[in-house]
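The values are calculated or read from the model by the stated rules, or taken from the named source; none is laboratory data. Only a predicted model underlies this, so the values are computations on that prediction, with no experimental measurement involved. Every residue, glycine as well, gets a Cβ built from its backbone with ideal geometry; the counts of neighbours run over all protein chains shown. In case anyone asks, the SASA skips ligands and DNA or RNA and just uses the protein heavy atoms, side chains included. Shrake-Rupley method; radii C 1.70, N 1.55, O 1.52, S 1.80 Å.
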Amino acid sequence: MVDRRQLLGGLGGAAVAGMAARAFAADKIKIDDASVLIVVDVQNCFLPGGSLAVKDGDQVIPVINRLAKTFRNVVMTQDWHTADHISFASTHAGKKPFDVIDLDYGKQVLWPDHCVQGSDGAALSKELSIPQAQLVIRKGFHKDVDSYSAFMEADGKTSTGLASYLKARKLKRVFVTGLATDFCVAWTALDARKAGFETYIIEDACRGIDTKGSLAKAWHDTSKAGVKRIQSADITV
Ligand code: VGL
Ligand code: ZN
């Protein structure tokens, strides 16, 4: 086996940067019993035709279905808002979707109405095929607090209970997929790191919204926090 440091040492800077961006073929990531796949918000509202459709959002589904076959442990999340939710532009007179307002807990992007509790838009996609999924965690159900993260609401102090659940089940490595890369996926990954989990985002199993530079910021922040950015092809059983 060629030592990786020797190999990198012998290559030009551009080649090193390119290769460092993804795992080496020889360094496939092995999924074990301490690994959990988190499937974030693959719900009708975020899919083509939905009220907050993420571009090409449906393309994550076959990738996630394929990945799920290698995981014994799967958790899904479901954005689950009240009809008068604070994150909806329609709740604030004179505001429109994608405006940003200041709330007590910080900046809040305002969204079109989406994922209202019990609506068809809030349902998980019927195309998902993950029968072994063990938990669906609903989030964003407090009307005055948003929750992009599956772990912690946007006030930064109300826990969803997910970290305790994963720890109780002795799960240590979290692989995040779904919608949207720059909001619920990134925030979930950041909080997973904060809670001490080894954390990966599987890039081709996610799609982003990208409003006002949010996608670049998400990759910057997650990388700085030690979240590993990988591709589904980097994973093996
Ligand atoms: C999401 C915006 C609003 C997401 C949820 O799932 O990323 N984005 N609510
Ligand atoms: Zn939402």
Review point. If you scan the range 77-86, which residues turn out to be open to solvent by less than 20 Å² (accessible area, probe 1.4 Å) and not polar (S, T, N, Q)?
Key: Asp79, His81, His85
Practice item. Check Asp84 against each of (1) within 16 Å of the chain's Cα centre (by Cα); (2) more than 12 Å from ligand 2 (Cβ to nearest atom) and name the one condition it does not meet. Key: (1)
Practice item. Go through the range 53-69 and give me each residue that's crowded, with 24+ Cβ neighbours inside 10 Å and in a loop (DSSP other than H, G, I, E, B). Key: Val54
Point to revise | Number of the condition not met by Asp234 [criteria: (1) of a type in the set (D, E, K, R); (2) open to solvent by 40 Å² or more (accessible area, probe 1.4 Å); (3) touching a strand residue (DSSP E or B) at 6+ places or on another chain (Cβ under 8 Å)] | key: (2)
Review point. If we scan the range 166-181, do we find a residue that is more than 15 Å from ligand 2 (Cβ to nearest atom), open to solvent by less than 30 Å² (accessible area, probe 1.4 Å) and of a type in the set (Ser, Thr, Tyr)?
Key: yes
Review point. Do we find a residue being within 13 Å of ligand 1 (Cβ to nearest atom), open to solvent by 40 Å² or more (accessible area, probe 1.4 Å) and part of a loop (DSSP other than H, G, I, E, B) anywhere in the range 113-136?
Key: yes
Exercise for review: Filter the range 102-126 for residues that are touching a helix residue (DSSP H, G or I) at 6+ places or on another chain (Cβ under 9 Å) and either more than 30 Å from Val63 (Cα to Cα) or modelled with pLDDT under 95 (or both) and give the result.
Suggested key: none
Review point. Does at least one position in the range 139-146 carry a residue that is within 16 Å of ligand 1 (Cβ to nearest atom), outside any loop (DSSP other than H, G, I, E, B) and crowded, with 24+ Cβ neighbours inside 10 Å?
Key: yes
Check your understanding: Do we find that Ala154 is within 15 Å of ligand 2 (Cβ to nearest atom), within 17 Å of the chain's Cα centre (by Cα), over 14 Å from Val40 (Cα atoms) and of a type outside the set (D, E, K, R) in this structure?
Key -> yes
Study note, to complete from the structure: Of the residues in the range 87-111 that are near ligand 2 (Cβ under 10 Å from one of its atoms) and farther than 30 Å from Arg66 by Cβ, the one that is most open to solvent (accessible area, probe 1.4 Å) is Val109
Revision key, fill the gap. Per the filter on the range 174-227, residues more than 25 Å from Pro62 (Cβ to Cβ) and among the β-branched types (Val, Ile, Thr) are Thr211
